[in-house]
Amino acid sequence: MKRKYMYGLLALIIASIIGWNVWPSPANSYSEEEETENVQPAGPDFNADSAYAFVQSQCDFGPRYMNSEGHEKCAQWIMDKFKEYGCKVTSQKADLRGYDGTILKSTNIMASYNPEATTRVMLCAHWDSRPWADNDPDSNNWKKPIIAANDAASGVGVMIELARIIKDSKLPLGVDFVCFDAEDWGIPQWSEQEDPGDTWALGAQYFSTNLPDGYAPRYGILLDMVGGIGSKFYKEGMSMQYAPEIVKKVWKAARQIGYGSFFPDMEGGMITDDHIPVNQNANIPCIDIIPYFPDCEQSSFGPTWHTLADNMDNIDRNTLKAVGQTMVQVLFTE
């Protein structure tokens, strides 16, 4: 996916003009009351083994890039799993044009828990995989499709596990699990075309301008690459601009239940991801939970990003647990 951390002199100049902070900042000082508060975990236990299995099931379809056989089979599997766990499932189909003119047969999927509830929260992730391993250290792999265990399947796997465990929980809140398609067909690094940034997140762009009638959730949380080994989730810069209170809510929930080490009180860079059109076009305050590796030479999104190494060998149950249980805490304390 094209999620570009802004670095360098140009980023600093832009930031100084518009007031954005693009560099990690020192940890904020929480009040003693916040630091010592003893909050009991709310809601059911998030089962990381189950989430891991849901990630594996998606990868078993092989690469799920647009218009591929694996893509079509995985779409049906995702819808069937959400239906199995009691969600009302709808699909939003569209023919979208890729950067290279390819017509992409796109399917956004919305699975709604407690669809009658008027108070709603949106959790979202993209489910399509990258057609090219264009960040692989071996240039011979640049045009090969990736399995996308982390950069696609992990977010959907966490959402399906959340749907499973809240099915019989009597949570009064409505929850919409939105799976965005056509996120990862953005201009590859080996292309000579200039990347304007809008060739990514096509499914989210379409969703954000074609919302279901009257759809107005309180906020959204995007889960992107939430299963990788060694992942830490810094506060993403655009999330801080659009929905700082939701960032505060989520990071506080993680800290309260013992997962603060996965959610450092530090800001990362600003990135282009599915949450941008959701904020800009749909006016739904939406944040991005996405890893940041400040010292990784391969990529600030981690060493497996857009490489053939984005496979099940690099999925960590501990990361899935930290993100999934934090989402449970947020939902059951809403």
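Only one residue in Cys59, Cys87, Cys74 is more than 18 Å from the chain's Cα centre (by Cα) and open to solvent by less than 30 Å² (accessible area, probe 1.4 Å). Which one?
Cys87
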Query - Among (1) surrounded by fewer than 24 Cβ atoms within 10 Å (Cβ to Cβ); (2) out of contact with any strand residue (DSSP E or B) (no Cβ under 9 Å at 6 or more places or on another chain); (3) not hydroxyl-bearing (Ser, Thr, Tyr) - the single one Leu171 does not satisfy - result: (2)
Report task. Can you tell me which residue among Pro44, Pro26 is modelled with pLDDT of 95 or more and either outside any helix (DSSP H, G or I) or loosely packed, with under 15 Cβ neighbours inside 10 Å (or both)? Result -> Pro44
Query raised in the report: Within the group Asp195, Asp184, which residue is in contact (Cβ under 8 Å) with a residue 40 or more places away in the chain, open to solvent by 20 Å² or more (accessible area, probe 1.4 Å), closer than 19 Å to Asn135 by Cβ and of a type outside the set (Phe, Trp, Tyr)?
Result: Asp195
**Report entry** Test: Met238 is touching a strand residue (DSSP E or B) at 6+ places or on another chain (Cβ under 8 Å) and open to solvent by 30 Å² or more (accessible area, probe 1.4 Å)
**Finding:** no
Report task. Determine whether Met122 is open to solvent by less than 10 Å² (accessible area, probe 1.4 Å), touching a strand residue (DSSP E or B) at 6+ places or on another chain (Cβ under 8 Å) and in a loop (DSSP other than H, G, I, E, B). Result -> no
Query raised in the report: Considering only the range 307-334, how many residues are open to solvent by less than 10 Å² (accessible area, probe 1.4 Å) and either more than 15 Å from the chain's Cα centre (by Cα) or free of Cβ contacts under 8 Å to residues at least 60 places away in the same chain (or both)?
Result: 6
**Report entry** The one condition in (1) open to solvent by 10 Å² or more (accessible area, probe 1.4 Å); (2) outside any loop (DSSP other than H, G, I, E, B); (3) farther than 30 Å from Ala42 by Cβ that Lys81 fails to fulfil
**Finding:** (3)
Requested in this report: Could you tell me whether the range 145-157 includes any residue that is among the hydroxyl-bearing types (Ser, Thr, Tyr), touching a Phe, Trp or Tyr at 6+ places or on another chain (Cβ under 6 Å), touching a residue at least 12 places away in the same chain (Cβ under 8 Å) and buried (at least 24 other Cβ atoms within 10 Å of the Cβ)?
Outcome: no
Query raised in the report: Among the residues of the range 229-255, how many are out of contact with any helix residue (DSSP H, G or I) (no Cβ under 6 Å at 6 or more places or on another chain) and of a type in the set (Ser, Thr, Tyr)?
Result: 1
Report summary line: Of the candidates Pro264, Pro217, the one satisfying the condition of being open to solvent by less than 60 Å² (accessible area, probe 1.4 Å) and either within 15 Å of the chain's Cα centre (by Cα) or closer than 21 Å to Met159 by Cβ (or both) is Pro217
Report summary line: From the option list Ile287, Ile246, Ile276, single residue qualifying as crowded, with 24+ Cβ neighbours inside 10 Å, closer than 14 Å to Val330 by Cβ and not polar (S, T, N, Q) is Ile287
Report summary line: Given the conditions (1) touching a His at 6+ places or on another chain (Cβ under 9 Å); (2) within 20 Å of Ala148 (Cβ to Cβ), every one holds for Ala243 apart from (2)
Report task. Give me the pairs, please: first residue somewhere in the range 29-56 and within 13 Å of Leu320 (Cβ to Cβ), second residue anywhere and of a type in the set (S, T, N, Q) and modelled with pLDDT of 95 or more, beta-carbon distance under 7 Å, and either six or more positions apart or on two chains. Result -> Phe46/Gln325; Val55/Ser154
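The values are calculated or read from the model by the stated rules, or taken from the named source; none is laboratory data. Bear in mind that the values here come from a model prediction, so they are computed numbers and not experimental data. Cβ coordinates were reconstructed from backbone atoms using ideal geometry, including for glycine residues, and neighbour counts include every protein chain displayed. These accessible areas exclude ligands, DNA and RNA; they are computed on the full protein's heavy atoms, side chains included. Shrake-Rupley method; radii C 1.70, N 1.55, O 1.52, S 1.80 Å.
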